[in-house]
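Asker: Provided herewith is a single structure, encoded as structure tokens, for subsequent inquiry.
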Amino acid sequence: MTPNRLEITRPDDWHLHLRDGAALASVIGHTAERFARAIVMPNLKPPVTTVVQAEDYRRRIMACLPKDSRFQPLMTLYLTESMSVEEIARAKASDNVFAVKYYPAGATTNSDSGVRDLSHVYPVLEAMEKHELPLLLHGEVTDSAIDIFDRERVFIERHLMPLRERFPALRMVLEHITTRDAVEFVTAAPANVAATLTAHHLLLNRNAIFAGGINPHHYCLPILKRETHRLALLQAATSGDTHFFLGTDSAPHAREAKESSCGCAGLYTSHAALELYAEAFDQVGRLDQLEAFASFHGPDFYRLPRNTDRITLDRKPWMVPDEYPLAASTCRPMRAGESVAWSMLEARAS
Ligand code: NCD
Ligand code: ZN
């Protein structure tokens, strides 16, 4: 029998795009209502590459929160080939920076300043290994000769395996994994390697991009994969394996930027993030594993305390609006105009 009510420790989102300025003010509430903390991606324009910039960005986020909010943004730095070893020491000494994000140059939204050749950042990775600062990886090759559906697998073979050999003690998170290959790699790795999984990759396969016509709102990176991969991701998420934890990769874009001749990558899921994960876990009868995945494995990996307050979800469908405000425009969320099976009830303080 599956329960109709689920009360779990308040979760955290270990991979989130909050944007900046008016867009930040538009979206932050959805995350802060559900999650206690979030790892905030640094791919702003220009990217957040220094501790000073990360702390400024953190202040801008805090300024958008209601006064009584207990939400904590956990900041990250954007790895570039000109990052200094001293910046890593400053990040380690900072109370607000928790990781460094690797984007292969040109892989995705605002990644032009990313890394062209990993060997150019070896001294920085060495410093991160020494300081035990996690490296968050957008694990895709950008080689246009490689089929877009194979870019994660090829990244693992070409770059991740050699990186693991060279820096065995480096703490790393393979972000938003989308393939069985990534699941197998991470499952077999020691505890200093982990992976985040998005709700959309647990719920959708690549048919969703083309169902009844091309749907730009289901285009994200890494791109949705075939059903066999989705099933492998769902198995990993619900297995209780501590390598895997929640990271929405919720990435808001203005509606017109997605419904365009060259649409941006990213799904917006913050409005229903935990509810969508509950649907996915329910599909395989593993709601009992949601709390560990959403609320325990992440803080344990990041060596942060687990949250103590709790939130409640009810099996009660609700309709997702067609759009939410996003700065001067709007953003079309996942499930726009359709229902989500779980609703968030109240939050209870510990
Ligand atoms: C992200 C974005 O829009 O910032 N898009 C996405 O499809 N996930 C960038 C990223 O994380 O790749
Ligand atoms: Zn992302």
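Asker: Using only the alpha carbons of region 22-145, determine the length spanned along each of the three principal axes and report them from longest to shortest in whole angstroms.
Answerer: Largest first, region 22-145 extends 45, 36, 22 Å along its Cα principal axes.
Asker: Rounded to a whole number, what % of the accessible area of the chain do carbon and sulfur atoms account for, probe 1.4 Å?
Answerer: Solvent-exposed carbon and sulfur of the chain make up 51 percent of the total.
Asker: Name the residue, out of A22, A127, A107, whose mean-square fluctuation peaks in a Gaussian network model built on the chain with Cα pairs under 10 Å.
Answerer: With Cα springs under 10 Å in the chain, the top fluctuation among A22, A127, A107 is at A22.
Asker: Also, quick follow-up: Figure the gain on full extension for V284 and A328 (residue separation times 0.36 nm, minus the Cα-Cα span) and round it to one decimal in nm.
Answerer: 11.8 nm
Asker: Which is the longest part of the chain that has none of the GluC sites (Glu not before Pro) sitting in a DSSP loop with at most 12 other Cβ atoms within 10 Å? Write out the running numbers ahead of the final one.
Answerer: On the way: sites that count: E132, E338.
Between the exposed loop sites, the longest stretch runs 133-337.
Asker: Modelling each spin label as a point 7 Å along the Cα-to-Cβ direction, I'd like the M319/R206 distance in nm, to one decimal.
Answerer: Label-label distance for M319 and R206, simple model: 3.5 nm.
Asker: Run the simple label-point estimate for L345 and E157 please: 7 Å along Cα→C-beta, distance reported in nm.
Answerer: So the two model labels end up 5.0 nm from each other.
Asker: Return the whole-Å distance between the Cα centroid of region 1-80 and the Cα centroid of region 189-265.
Answerer: 19 Å
Asker: Further question on the same structure: According to a simple spin-label model (label point 7 Å from Cα along Cα-to-Cβ), what is the distance in nm between S69 and I148?
Answerer: So the label points at I148 and S69 sit 3.3 nm apart.
Asker: Would you rank F210, F301 by solvent-accessible area, highest first, keeping every protein chain in place and using a 1.4 Å probe?
Answerer: Correct descending sequence by accessible area is F210, F301.
Asker: What 222 nm value per residue comes from the helices of the chain, counting each DSSP H run with n ≥ 4 as -39,500 (n - 2.57) and dividing by all residues, nearest 500 deg cm²/dmol?
Answerer: Estimated from H runs of four or more residues: -8000 deg cm²/dmol.
Asker: Still on this structure, I have one more. In Å, what Rg and Dmax follow from the Cα atoms of region 5-344?
Answerer: 18.5, 52
Asker: Can you give me the span-like helices of the chain, meaning DSSP H runs with 20 Å or more of Cα extent along the axis and Kyte-Doolittle mean at or above -0.5?
Answerer: Correct list, ordered by number: 21-34.
Asker: Then there is this: Across the Cα atoms of region 217-328, what radius of gyration and what greatest pairwise Cα-Cα distance (Dmax) are found, in Å?
Answerer: Spelled out, the Cα radius of gyration and Dmax of region 217-328 are 15.9, 46 Å.
Asker: Taking θ = phi - 60°, what integer Hz values does the Karplus form 6.51 cos²θ - 1.76 cosθ + 1.60 yield along region 305-318, in sequence order, with x for Gly and Pro?
Answerer: Rounded to whole hertz, the list is x, 5, 5, 10, 7, 10, 10, 10, 10, 10, 6, 8, x, 9.
Asker: Using a 1.4 angstrom probe on the protein heavy atoms only, line up H131, H217 by accessible area, largest first.
Answerer: H131, H217
Asker: Could you work out how much longer the chain between M62 and E7 gets when fully extended? Use 0.36 nm per residue separation minus the Cα distance between them, nm to one decimal.
Answerer: 17.1 nm is the gain from fully extending M62 to E7.
The values are calculated or read from the model by the stated rules, or taken from the named source; none is laboratory data. Since the model is a prediction, treat every value here as computed from it, not as a measurement. With ideal geometry, Cβ positions are generated from the backbone for all residues, glycine too; neighbour counts draw on all protein chains shown. Please note that ligands, DNA and RNA were not included when accessible areas were found on the heavy atoms of the full protein model with its side chains. Shrake-Rupley method; radii C 1.70, N 1.55, O 1.52, S 1.80 Å.
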